[in-house]
Amino acid sequence: MGNRATIEVRDATGDKAPCYVYIHWCGSPEQVIEVVKKAAPDMRHNDCQYAMARLIGTYHDKLAGGLSLGVTKHKEEFDNGHYVVDMSKGKITNDNELIAKDIEFGRF
């Protein structure tokens, strides 16, 4: 019934963005890694709020139409669980399992 997940973004201070990305499609680990890596150069590594906005923008460009992408204040466990993008460590975890590392985020 979809390929759903939620994603959060954290910065070096341990802060996390005040919302989560909800995706109905493109929620597999491979797809999330692809989109995060595409957005990473524009995601300010020390500001989770700016970084989250850029991640949402990248998903917006990828997913056509008015469905399949949302912003929520609730972490949810869907088909593909919950992802954490930790910019201070350059990694992505899915339900606490490392799925990608050595990602370079924007240094500006």
Under the Karplus curve 6.51 cos²θ - 1.76 cosθ + 1.60, θ = phi - 60°, whole-Hz ³J(HN,Hα) for region 2-8, x wherever Gly or Pro sits: x, 9, 8, 6, 10, 9, 10
Residue-averaged [θ]222 nm for the chain, counting only DSSP H segments that reach four residues, each worth -39500 (n - 2.57): -7500 deg cm²/dmol
Just list whichever of 38/91; 16/89; 16/91; 73/101; 38/73 have alpha carbons separated by over 20 Å in the model shown. 73/101; 38/73
How large is the dipole of the chain about the Cα centre if only Lys and Arg carry +1 and Asp and Glu carry -1, each at its Cβ, rounded to the nearest 20 debye? 240
Karplus-derived HN-Hα couplings along region 61-72 (A = 6.51, B = -1.76, C = 1.60, θ = phi - 60°), whole Hz, x at Gly and Pro: 5, 7, 9, 6, x, x, 10, 6, 9, x, 10, 9
In region 1-87, chymotrypsin sites (Phe, Trp or Tyr not before Pro) in a DSSP loop with at most 16 other beta-carbon atoms within 10 Å: 25, 78
Looking at 72, 57, 22, which one has the Cα that reaches farthest to the positive end of the dipole of the chain (charges on Cβ: Lys, Arg +1; Asp, Glu -1)? 57
Restricting to Cα pairs below 8 Å that are 6+ residues apart, what does the relative contact order work out to for the chain? Please round to a whole percent. 36
Note to self: Kirkwood Rh of region 44-108, Cα pairs, one decimal, Å, is 13.2
Solution diffusion estimate, µm²/s, Stokes-Einstein, region 5-100, Kirkwood Rh from C-alpha pairs, 10 °C, viscosity 1.306 mPa s: 123
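Bear in mind that the values in this text are calculations on the coordinates, not laboratory data. In this text, all values refer to a predicted model and were calculated from it rather than measured experimentally. When we count neighbours, we look across all protein chains shown, and the Cβ atoms used for this are built from the backbone with ideal geometry, even at glycine.
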